[in-house]
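Okay, structure first, notes after.
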Amino acid sequence: MLTVDSIDCSYGPVQALMGLSLEATDGAFIAILGANGAGKSTTLKAIAGLVRPTRGRVLFRGRNLARLGPERRLSLGIALCPEGRRVFPDFTVAENLRVGGHRLNRRVLGDRVDQTLQLFPALKDRMGQSAGSLSGGEQQMLAIARALMTEPSLLLLDEPSLGLAPMITRQVFDAVDGIRKQGTTVVLVEQNRLALRYADYAYVLGNGRLRLEGPAGEVQDDERLRSAYLG
Ligand SMILES: Nc1ncnc2c1ncn2[C@@H]1O[C@H](COP(=O)(O)OP(=O)(O)OP(=O)(O)O)[C@@H](O)[C@H]1O
Ligand SMILES: [Mg+2]
């Protein structure tokens, strides 16, 4: 479904990714791990069209995305839930969800909200509350729910566990697992190794390069995982 083929990405003189390749088959749950600055967010941005690779290609369902901007990619089914749970704090939960679904026509919008809330029952009771008044975990759930409103076939999640307590992290990952079970392909970027318990396959980045890849269970036990983190 998704193929990232030997991409390089730079920000001016800073080369953030070097020859990175990865793949996600339809319905897969992929984890990308790595320390701060490893290139995880850049990888998701390259897939979502927010950063243009200087070399290599990103293919989605066999199609080269090179010429397509983020809006086009979104309409093809690629949704990014960015780092730092950027919900609109002064909007209510319901309004945040409707913003996520602004491309849907009015008739299906309500149904999509109901469908999305099935995965996040905790949000159901808070529809009229401002997003800024939610707990960190609830805000993260809302950020993911908002991304789902576009009915993506590929969901890109950037460090949803950041700053959350372990129990809340588990709830967020369980919700992501539910999304995947509904058939959405998931690429989850994390520093938290708990992600490896949920993913089928994992890639470990270090300084913009792929350090290790394999079935998530094998990566979890691999000594090189630790050394990739330590740099
Ligand atoms: N907008 C930018 N301008 C310049 N350099 C950047 C920019 N964004 C990222 N970089 C650099 O690119 C490299 C990779 O950054 P990236 O954000 O992809 O890492 P990351 O793995 O997501 O890190 P973190 O875990 O801290 O979010 C880093 O060296 C970073 O400093
Ligand atoms: Mg990042």
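The values are calculated or read from the model by the stated rules, or taken from the named source; none is laboratory data. Here the structure is a predicted model, which means the values were calculated and not measured. A quick note on method: Cβ atoms are made from the backbone with ideal geometry, for glycine too, and the neighbour counts reach across all protein chains shown. Surface accessibility is based on the protein's heavy atoms, side chains included, excluding ligands, DNA and RNA. Shrake-Rupley method; radii C 1.70, N 1.55, O 1.52, S 1.80 Å.
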In Hz, Karplus ³J(HN,Hα) per residue of the stretch 202-211 (6.51, -1.76, 1.60; θ = phi - 60°; x = Gly, Pro)
9, 10, 10, 9, x, 6, x, 10, 6, 9
Based on the alpha-carbon set only, what is the convex hull volume of the stretch 76-165 divided per residue, in Å³?
90 Å³
Can you give me the accessible area per residue for the stretch 110-231, using a 1.4 Å probe, in Å²?
44 Å²
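So, R0 is 30 Å and r is the distance between the beta-carbons of Ser133 and Lys181; what FRET efficiency does that work out to, to 0.05?
That pair, Ser133 with Lys181, gives E of 0.50.
At a Förster radius of 22 Å, what calculated FRET efficiency corresponds to the Cβ-Cβ distance of Ala165 and Glu83, to the nearest 0.05?
Working: r = 18 Å, r/R0 = 0.83.
For R0 = 22 Å, the calculated efficiency reads 0.75.
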Could you work out the Kirkwood radius for the chain, taking every pair of different alpha carbons, averaging 1/r and inverting it, reported in Å?
17.9 Å
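Taking the mean number of other Cβ atoms within 10 Å as a proxy for protection, how do you rank 198-205, 46-53, 62-69 from highest to lowest?
Values: 198-205: 23.0, 46-53: 19.9, 62-69: 12.2.
Most protected by this proxy first, the peptides run 198-205, 46-53, 62-69.
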When the helices in the chain are scored as -39500 (n - 2.57) per DSSP H run of 4 or longer and the sum is shared across all residues, what 222 nm value do you end up with, to the nearest 500 deg cm²/dmol?
-10500 deg cm²/dmol
Quote the accessible area belonging to Ile168 in square angstrom, nearest 10, computed with a 1.4 Å probe and with ligands, DNA and RNA left uncounted.
50 Å²
